[in-house]
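To keep things clear, I will list the structure first and then write my remarks on it.
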């Protein structure tokens, strides 16, 4: 016969998930947002709250219209749950570091990963030798949220609602080409011919938008040579096959080394803002914060809101 230990808490039968879901409802003051955070239904969130209320014999929330207002007792309990999470996260992170390298899986747009992020990684690993970033490049059609990851870098703000998300930089889109192609286009004074431009299928409408802002009209975009991905179109531009529009922040080394130059300096288009995000509940939180802080230090321009 099993005899309960005297050290077992009378509250040990409360499911840990019920406490975590409860804390999320307190934090968001919303059952729907808590459900999104844990990928569970509205009724499942309510069931977890009922488990706690039944154990305590007290109501933990008051409803004000569509908003759930936690009681004073609920705020005390939620704060204790957050403190316990922090202690556990710290312990797990410390164990992971003592046991060897901590791996961070990072999903990022392919061109950003290849041309911007990967060349900078030696600086991060030099500062954090126990942390090993693994880059998982993604393409526009990919359902990136189905890929296992610790950190996501996205073009735009399409992060899960419960993620801690920060802006990195906003694109400044310009027309770039090899020097010989650029000089030819300048001599033609922008009279673009079929075959002068290359474009990526994954960034539809961007070339036409730049042409319009630059004062050339959008018709030349119709005769551009198309490639399936942005990084392939970039390789075509590097090979002298034509000029392409690209975020200038993504290709600083190519511009600095003279492999590409801006065809018409100053004629630019404001693009999307890149964001970096992660789940704040991850046991790797200290390492995620370190990577995000480093990433923000590397951004080519002040982060946009």
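Values quoted throughout were computed directly from the atomic coordinates according to the rules given, and no laboratory measurement underlies them. It should be emphasised that the depicted structure is a prediction, and the values quoted were computed from it without experimental measurement. Ideal geometry is used to build each Cβ from the backbone, glycine not excepted, and the neighbour counts take in all protein chains shown.
Is the shape of the stretch 16-96 best called rounded, prolate or oblate, per the rule: a/c under 1.5 gives rounded, else a/b larger than b/c gives prolate, else oblate, with a ≥ b ≥ c the square roots of the Cα gyration tensor eigenvalues?
It comes out prolate by the Cα gyration axes.
Just need the relative contact order of the chain here, percent rounded to a whole number, with Cα pairs under 8 Å and 6+ apart.
21 percent
Between helix 42-56 and the chain, what is the angle of the helix's C-alpha long axis to the longest principal axis, kept within 0 to 90° and rounded to the nearest 10?
It is inclined by approximately 30 degrees.
Considering only DSSP beta bridges where both residues belong to the stretch 171-271, give the percentage that are antiparallel (nearest 5).
Looking only at bridges with both residues in the stretch 171-271, the antiparallel portion is about 65 percent.
Answer rounded, prolate or oblate for the stretch 171-271, using the Cα gyration tensor with square roots of eigenvalues a ≥ b ≥ c: rounded when a/c is under 1.5, else prolate when a/b is larger than b/c, else oblate.
rounded
Identify which of 18, 237, 110 has the largest mean-square fluctuation in a Gaussian network model of the chain, with springs joining Cα atoms closer than 10 Å.
The residue with the greatest mean-square fluctuation here is 18.
Please report the antiparallel percentage of the DSSP beta bridges confined to the chain, to the nearest 5.
Counting DSSP beta bridges with both partners in the chain, the antiparallel share is about 60 percent.
Where both residues lie in the stretch 45-199, what percent of DSSP beta bridges are antiparallel, nearest 5?
30 percent
Cα gyration tensor of the chain, axes a ≥ b ≥ c as square roots of the eigenvalues: rounded (a/c below 1.5), prolate (a/b > b/c) or oblate?
Note, shape of the chain comes out prolate.
What is the order of 294, 116, fewest Cβ neighbours within 10 Å to most?
With the fewest neighbours first, 294, 116 line up as 294, 116.
In degrees, nearest 10, range 0 to 90: what is the angle between the Cα axis of helix 72-98 and the longest Cα principal axis of the chain?
Tilt relative to the chain: about 60 degrees.
Just need the relative contact order of the stretch 184-269 here, percent rounded to a whole number, with Cα pairs under 8 Å and 6+ apart.
35 percent
Any idea what the relative contact order of the stretch 13-60 is, in percent, if you count C-alpha pairs under 8 Å spaced at least 6 apart?
Reported as a whole number, the value is 40 percent.
Mind jotting down the distance between the C-alpha centroids of the stretch 188-226 and the stretch 12-65, whole Å?
Each part reduced to its Cα centre gives a spacing of 53 Å.
For residue 27, project a label point 7 Å along Cα to C-beta. Then give me every residue of the stretch 35-67 with its amide nitrogen under 14 Å of that point.
35-39
Helix 285-298: angle to the longest alpha-carbon principal axis of the chain, degrees 0 to 90, nearest 10?
20 degrees
Using the count of nearby Cβ atoms within 10 Å as a rough guide to exposure, how do 264, 291 rank from fewest to most?
Ranking 264, 291 by Cβ neighbours within 10 Å, fewest first, gives 264, 291.
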